[in-house]
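Taken together, the values in this text are just the output of simple stated rules run on the coordinates, not laboratory data. Nothing here was measured: the structure is a model prediction, and the numbers come from that model. All Cβ positions, even for glycine, are placed from backbone atoms using ideal geometry, and neighbour counts span all protein chains on display.
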There are 2 protein chains.
Amino acid sequence: MNLQLYSYFRSSASWRVRAALALKGLPCDYQAVHLVKGEQLGHQGLGPAQLLPALWADGQRITQSLAILEFLEETQPQPPLLPAEPLARAYVRSLALDIACEIHPLNNLRVLKYLKNELGVAEEAKNAWYRHWVEQGLATVNARLLSEGRMGRFCLGDQPGLADCVLVPQVFNAQRFEARIGHLEAVMRVFEACMALPAFADTHPSRVPDAE
Amino acid sequence: MNLQLYSYFRSSASWRVRAALALKGLPCDYQAVHLVKGEQLGHQGLGPAQLLPALWADGQRITQSLAILEFLEETQPQPPLLPAEPLARAYVRSLALDIACEIHPLNNLRVLKYLKNELGVAEEAKNAWYRHWVEQGLATVNARLLSEGRMGRFCLGDQPGLADCVLVPQVFNAQRFEARIGHLEAVMRVFEACMALPAFADTHPSRVPDAE
C-alpha cells in the first residue's frame with residue numbers, strides 16, 4: 001500500500017497516525033502542512049474539513065485520525081492495535097474517545113483562536129481553559145485505567161495499541177501547557193512505557209521532518 | 001443480550017445509541033439520568049467520566065457512544081451499520097467523527113457552562129459560539145456528502161447506518177439553537193430521510209420516557 005501522510009509536527013491527531021504507522025512498520029511519504037501558517041486552508045490534500053491529519057492510501061483520501069487507525073487495523077492487521085474480543089475492543093476505543101472527544105477538540109488551535117479573537121479571553125484564562133479540560137479528561141482516563149482491570153504496561157495489557165496512540169500525544173500536549181498531570185500515575189506509567197518504544201520516540205514532534 | 005441504556009432525552013450522544021439500537025431491533029431497559037439536574041455526578045452506572053450515554057450489556061458497562069455503536073455492530077451485526085469494504089467504512093466513520101469530534105464536544109452542556117460561569121461569556125456570545133461550530137462543522141459534512149460520491153438517501157447509499165445515527169441528533173440540536181443550516185441540502189435531505197424511519201422518529205427526544 002502506497003501511503004502519504006499529511007501532518008504537522010505538533011498536531012497531536014497527526015502523531016496518533018504517525019505512531020500507528022510506526023507500530024505496524026508501515027513506511028509513508030511525509031507531507032508537512034504548517035497549521036500555524038494556515039497552510040491547511042484550501043489545501044487539496046485535506047478535503048473539505050481542512051484539518052490534519054489526512055492519509056492517502058493508494059490515491060484515496062482518508063480523514064479523521066481514529067478512522068485512519070481503524071482503516072490501518074482492517075487493512076494491515078499485524079501487529080494488532082485492537083484486541084479480538086468485543087468488550088475489550090470497546091474498552092480500548094472508549095479510552096481513545098475519552099481523549100479524542102472530551103479533551104482534544106476543546107484545546108486545538110482553532111478553538112483557542114476563537115476564545116482569544118472572538119470572545120476576547122485573556123491569555124491566562126485561555127491557558128486555564130486548556131488545563132481544565134486536559135486535567136479533568138486525563139483524570140478520567142487514569143481512573144479508568146486503574147479501576148477496569150485491563151491495564152498492563154500499556155492501556156490494554158502489555159502490547160501497545162490504539163488507545164496508547166491517542167494517549168501519548170495528549171500527555172505531550174498537557175506537559176507543554178504545564179497541566180498538572182504528574183500525579184496521574186497510571187497515565188504517566190503508560191506514557192513512559194510508550195516513549196521507550198521507537199514507534200513513539202521516533203515519531204515525536206521533535207523528530208519529524210517539519211520539527212521546529 | 002440484556003441491555004440497559006443510561007440516557008437523557010436531550011443528550012445527542014444518547015440519541016445516537018437509541019437510534020442504533022432501534023435500527024438493529026434491540027430492546028433495552030431505559031434508565032433516565034437528568035443532566036441538567038446533575039444526576040450524572042457520582043452516578044454508579046456511568047463510570048469515572050460521568051458522561052452519557054452508558055450501555056450495560058449483560059452486566060458490563062460500555063461508555064462513549066461511538067464505542068457502543070462499534071460494539072453493537074460487532075456483536076449484533078444485522079442489519080449492518082457499517083459497510084464491508086475498508087475505504088467505505090473509513091468514509092462512514094470519518095463522517096461520524098466530523099460530528100462527534102469537531103462539533104459536539106464544543107457545544108455540550110459542561111462546555112457551555114464553563115463559558116458562562118468561568119469565562120463570563122454573555123448569552124448571545126455563547127449562542128454565537130454554539131452556532132459557529134455547528135454551522136462550520138455541518139457545512140463540512142455537507143461538502144463531503146456532495147463531493148465523495150457515496151451518498152444515497154442516507155450518508156452511505158440507501159441504508160441508514162452509523163454516520164446517520166450521529167448526524168440526526170446533531171441536526172436536531174442545530175435547529176434547537178437556530179443555527180443556519182437550512183441551505184445544507186445534503187445534510188437536510190439525509191436528516192429528513194432518517195426522520196421518516198421509526199428508528200429515528202421513535203427515539204426522538206420528545207418520544208423517550210424522560211421527555212419534558
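Here are some notes:
- Structure note, pairs A:Lys113/B:Lys126; A:Lys24/A:Lys113; A:Lys37/B:Lys113; B:Lys24/B:Lys113: Cα-Cα distances above 24 angstrom occur for A:Lys24/A:Lys113; A:Lys37/B:Lys113; B:Lys24/B:Lys113.
- Residues B:Arg144, B:Arg16, sorted so that the one with the fewest Cβ neighbours within 10 Å comes first: B:Arg144, B:Arg16
- When the helices of the protein assembly as shown are scored as -39500 (n - 2.57) per DSSP H run of n ≥ 4 and the total is divided over every residue, the value at 222 nm lands at -15000 deg cm²/dmol.
- Of all DSSP beta bridges in the protein assembly as shown, antiparallel share, percent nearest 5: 60
- Hull volume per residue, based on the alpha-carbon atoms of the range B:86-199 and their convex hull, is 98 Å³.
- Using only alpha-carbon positions in chain B, the gyration tensor eigenvalues give semi-axes of 25, 24, 14 Å once each is multiplied by 5 and square-rooted (largest first).
- Where labels lie 7 Å past Cα in the beta-carbon direction, separation of A:Glu192 and B:Glu212 in nm: 4.7
- Taking a point 7 Å from the Cα of B:Gln136 along the Cα-to-Cβ direction, the residues of the range A:112-138 with backbone N closer than 12 Å to it are A:112-119.
- With q set to 0.10, 0.16 Å⁻¹, the log10 of I(q)/I(0) for the range B:1-123, from the Debye formula over equal scatterers at the Cα positions, is -0.35, -0.83.
- Across the identical copies, the 7 Å label point of A:Glu124, projected outward along Cα→Cβ, sits 2.9 nm from its counterparts, in ascending order.
- The protein assembly as shown - convex hull of alpha carbons, volume per residue in Å³: 133
- Fewest-first ranking of A:Val92, A:Val36, A:Val166, using other Cβ atoms within 10 Å as the exposure measure: A:Val36, A:Val92, A:Val166
- Other copies of A:Leu146: label-to-label distances in nm, shortest first, labels 7 Å along the beta-carbon direction: 5.1
- Ranked by how many other Cβ atoms sit within 10 Å of their own Cβ, fewest first, the residues B:Met195, A:Met1, B:Met188 fall in the order A:Met1, B:Met195, B:Met188.
- What sits nearest the axis between copies B and A, counting only chain B Cβ atoms, is the residue and whole-Å distance B:Pro105, 2.
- Dipole of chain A, positive direction: furthest Cα of A:Pro169, A:Pro48, A:Leu106, with charges on the beta-carbon: A:Leu106
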